[in-house]
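One structure below.
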Amino acid sequence: PIVGGLNEEDASIHANYLSAELARVYGGKAEQFYAPAVLSDPMIRKGLLAEKAFARLHELHRNLDVIVTGVGVPSRGLSSLVRGGYIGREKLQEYLQNGLAGDIALQLYDENGLTAPFAEHNRCVSGLPLERFARVPIRIGVAAGADRAKALAGALKGGFLNIVILDAPCAQALWERA
């Protein structure tokens, strides 16, 4: 996984579970990322990721050839960030007022792909930083539904993705934004 685990009751959306399932289906091997997805303080994140136990994971992240990720829409009522307790509804509203368009691996960005307005949050995410995505040759984003077009457009403008898999409503809405 490129991010730690969500604090979810539904294990079927947990990064470790999903990567293990993909590895099982395609005959691969999955590594686990045993850390909370979002930590309460950037210093805790820094200390945790400096641990020797994460050295292998860091090496794998440095050598990635492909990333497959969903494109989140935090403004939805079902936001994983809110459901997981990583941000409150008030903080979500603040981020939306600052132009929040979407998230990839729980890291936030605006419709131009800029992450700076959300640096406070993104520095606490225990995964591969969005800024390092560009080093990965193949970056596949998966999105469904017209409401994800703004998030997808921001992800493409930010260079976080270079291949997209989407349904017809998302494709139509993305075309209309162009």
Å² per residue, accessible surface of the range 53-131 at 1.4 Å: 47
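For the chain, which whole-number percentage of the solvent-accessible area (1.4 Å probe, protein heavy atoms only) is attributable to carbon and sulfur atoms? It would help to have the intermediate numbers written out before the result.
Details: 5380 of 9640 Å².
Its accessible area is 56 percent carbon and sulfur atoms.
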Per-residue HN-Hα couplings for the range 108-117 [Karplus 6.51, -1.76, 1.60; θ = phi - 60°; Hz; x = Gly/Pro]: 9, 7, 9, 5, 9, x, 8, 9, 3, x
Largest-first principal axis extents, alpha carbons of the range 60-114, Å: 38, 25, 15
Two-site label geometry, Arg177 and Asn98: point separation in nm, points 7 Å out along Cα→Cβ: 2.0
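How compact is the range 93-178 by the rule of thumb for globular proteins, expressed as Cα Rg over 2.2 N^0.38 Å? Before the final figure, lay out the partial values.
On the way: Rg = 12.5 Å, N = 86, 2.2 N^0.38 = 12.0 Å.
Here the Cα radius of gyration is 1.04 times the empirical estimate.
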log₁₀ of I(q)/I(0) at q = 0.09, 0.11, 0.18, 0.19 Å⁻¹ - the chain, Debye sum with one point per alpha carbon: -0.29, -0.45, -1.28, -1.43
DSSP-defined beta bridges in the chain - what % are antiparallel, rounded to 5: 40
Nearest-20 debye value, the chain charge dipole, Cβ charges on Lys, Arg, Asp, Glu: 400
Rounded to whole Hz, the Karplus (6.51, -1.76, 1.60) HN-Hα couplings of the range 49-55, x for glycine and proline: 6, 7, 4, 4, 4, 9, 4
Karplus 3J(HN,Hα) series, Hz, for the range 17-32 with 6.51 cos²θ - 1.76 cosθ + 1.60 (x for Gly, Pro): 5, 4, 5, 5, 5, 4, 4, 5, 5, 9, x, x, 10, 9, 9, 9
Max mean-square fluctuation residue, GNM over the chain, Cα-Cα springs under 10 Å, options Glu111, Glu51, Glu21: Glu51
Lys29 paired with Asn63, simple spin-label distance in nm, labels 7 Å along Cα-to-beta-carbon: 1.0
Residue-span extension gain [Leu48 to Asp167] - 0.36 nm each, minus C-alpha spacing: 39.1 nm
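I want the local charge near Ile165. Using Cβ-Cβ distances under 13 Å, sum +1 for each Lys or Arg and -1 for each Asp or Glu among the other residues.
+1
For n ≥ 4 DSSP H runs only, could you compute -39500 (n - 2.57) per run for the chain, divide by its residues and tell me the 222 nm figure to the nearest 500? Please list the in-between numbers first.
Details: 8 runs with 64 residues, N = 178.
After summing the helix terms and dividing by the residues of the chain, the value is -9500 deg cm²/dmol.
The values are calculated or read from the model by the stated rules, or taken from the named source; none is laboratory data. This is a predicted model, so every value here is computed, not measured. Counting neighbours? That spans all protein chains shown, and the Cβs are built from the backbone with ideal geometry, glycine included. Quick note on the areas: whole protein, heavy atoms, side chains included, nothing else; ligands and nucleic acids left out. Shrake-Rupley method; radii C 1.70, N 1.55, O 1.52, S 1.80 Å.
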